[in-house]
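Working notes, beginning with the structure itself.
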Amino acid sequence: MPTAGGVKATARSDALRREETTVKTGWQLLIEVDEVLQAQGGDPERIRARSSSALTVAERALELSRSLLHPAVAWRLLPVVGLRHESLLLEEAYRLTGPLVVEHLQPAKQVAAVVCTLGPELEERASALFSEDVAVAMALDVTGSIALQRLANAAREQIALRMGQSGWQVGMALSPGTGWALETGQRQLFALVDAGLIGVQLTASSLMNPKKSTSFVLGAGPDMSSMGSPCDLCDLGETCRYRKLYESEHGCDVTT
């Protein structure tokens, strides 16, 4: 029988996971054409000065994306009950393992397991467009990546506001595959939250379907620090096209 962080999943735990998972849809994700240009490595001012076709392509992608984005977030909060070796122990006998998890979540009193998705339509349309217009297809895919990052930032902010009512802070988002073993992290995270409620499933290789989805955990508590950025844990570092977007919306005070 499948396990949930080392504990056998039961009908009771599955029902509880579904019952305690919060789902929110209808997020408003405002994206500017300049963001699409910048994420593709362009300078919006120069592109406009040259009357480059890249501007028309980005505008077309942005217009297409409006009917293709179906942002949804599922999250669940679980109390922390202790630490053991390289494991953070949670209520209901769940656990999150690994040195990075323990390092960053050690002060937490609660953990939020979060899954965000845009749904499958944008990626399907972008894939179909590759045989017709590669430039628009690539710009549409980039638009989706910007939207997904904005959705994840908004979800974190909403959880932070909820925790702030109790005088708690949330730490930075920790995602499987970014300093945290992908397969281990994804399986443990998806054991905590019912991502199926928003149509997200894990593949055999622990990737998410739809692809325009992301997952992370947040630690919450009176002694959690909101400083730092998950970008520091990523191998892409300063070369990532989306780093500035994350840090500007996250309010990071980062030293690298």
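Taking the condition in contact with a helix residue (DSSP H, G or I) (Cβ under 9 Å, 6 or more places away or on another chain), of a type in the set (Val, Ile, Thr) and without any contact (Cβ under 8 Å) to a residue 40 or more places away in the chain, does Val81 pass?
yes
Can you tell me which residue within region 152-191, out of those that are of a type in the set (Val, Ile, Thr) and in contact with a Gly (Cβ under 8 Å, 6 or more places away or on another chain), is nearest to Leu78 (Cα to Cα)?
By that ranking, first place goes to Val170.
Here is a list of conditions, (1) exposed (fewer than 12 other Cβ atoms within 10 Å of the Cβ); (2) under 26 Å from Gly171 (Cβ atoms), and Ala49 meets all of them except one; can you say which number that is?
Just one mismatch for Ala49, condition (2).
Mind listing whichever residues of region 31-65 are farther than 22 Å from Pro120 by Cα, basic (Lys, Arg) and part of a helix (DSSP H, G or I)?
Passing the criteria: Arg46, Arg48.
Which count do you get for residues in region 92-105 that are assigned to a strand (DSSP E or B) and over 16 Å from Ala220 (Cβ atoms)?
Final tally of qualifying residues: 2.
Taking region 52-101 on its own, how many of its residues are in contact with a strand residue (DSSP E or B) (Cβ under 6 Å, 6 or more places away or on another chain), among the β-branched types (Val, Ile, Thr) and more than 22 Å from Trp168 (Cα to Cα)?
Summing the residues that are in contact with a strand residue (DSSP E or B) (Cβ under 6 Å, 6 or more places away or on another chain), among the β-branched types (Val, Ile, Thr) and more than 22 Å from Trp168 (Cα to Cα) in region 52-101 gives 1.
Say whether the condition of being over 29 Å from Pro44 (Cα atoms) and touching a helix residue (DSSP H, G or I) at 6+ places or on another chain (Cβ under 6 Å) is met by at least one residue in region 56-69.
no
Filter region 170-192 for residues that are surrounded by fewer than 20 Cβ atoms within 10 Å (Cβ to Cβ) and polar (S, T, N, Q) and give the result.
Within region 170-192, Thr178, Thr184 qualify.
For (1) crowded, with 19+ Cβ neighbours inside 10 Å; (2) among the charged types (D, E, K, R); (3) in contact (Cβ under 8 Å) with a residue 24 or more places away in the chain, each residue gets a yes or a no:
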site	(1), (2), (3)
Glu103	no, yes, no
Val111	yes, no, yes
Leu118	yes, no, yes
Ala137	yes, no, no
Leu140	yes, no, yes
Gln149	yes, no, yes
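Residues to consider are Leu83, Leu68, Leu78, Leu89; find the one that is at pLDDT below 95 and either crowded, with 17+ Cβ neighbours inside 10 Å or not in a loop (DSSP other than H, G, I, E, B) (or both).
Leu83
The values are calculated or read from the model by the stated rules, or taken from the named source; none is laboratory data. Keep in mind it's a predicted model, so treat the numbers as computed, not measured. Methodologically, a virtual Cβ is constructed for each residue, glycine included, from the backbone with ideal geometry; neighbour enumeration extends over all protein chains shown.
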